[in-house]
Amino acid sequence: MTSYLGDKDEVLRRLRRIEGQIRGLQRMVENDSYCIAVLTQVAAATRALQAFALHLMDAHLAHCVASAVEHGGPQAEDKLREVREAMARLVRS
């Protein structure tokens, strides 16, 4: 089960908004927009993706990781390792 299942509509709405931002970037390049204007929009899209990732990470911690820790055992260790690795990838990106 996914941790965002109860919030799926909101997750999809956020992704559609980000998709719109990326399409806007494509249009800007097609229209030869000023580089700084494009870079400003890249920064906005990047922040939107980061906010989405944090939202998803929060949901994962609250649901999947909390449930695994509650039950203990090797599954809890696996979930904690997964989340540490995911956080490291997010920080590097």
**Prompt:** Which residue pairs have Cβ atoms closer than 6 Å, lie 6 or more positions apart in sequence or on different chains, and pair a first residue in the stretch 55-77 that is within 19 Å of K8 (Cα to Cα) with a second residue that is of a type in the set (G, A, S)?
**Reply:** A59/S3; H60/S3; H63/S3; C64/S3
**Message:** Here is a check on your reading of the model: is Q41 open to solvent by 100 Å² or more (accessible area, probe 1.4 Å), polar (S, T, N, Q) and not in a loop (DSSP other than H, G, I, E, B)?
**Reply:** no
**Those residues of the stretch 1-19 which are open to solvent by 60 Å² or more (accessible area, probe 1.4 Å), of a type outside the set (A, V, I, L, M) and not in a helix (DSSP H, G or I), in sequence order** = Y4
**Prompt:** Before we move on, is I22 surrounded by fewer than 10 Cβ atoms within 10 Å (Cβ to Cβ), part of a helix (DSSP H, G or I) and of a type in the set (A, V, I, L, M, F, W, C)?
**Reply:** no
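The values are calculated or read from the model by the stated rules, or taken from the named source; none is laboratory data. This is a predicted model, so every value here is computed, not measured. With ideal geometry, Cβ positions are generated from the backbone for all residues, glycine too; neighbour counts draw on all protein chains shown. Only protein heavy atoms, including side chains, enter the accessible area calculation; ligands, DNA and RNA are left aside. Shrake-Rupley method; radii C 1.70, N 1.55, O 1.52, S 1.80 Å.
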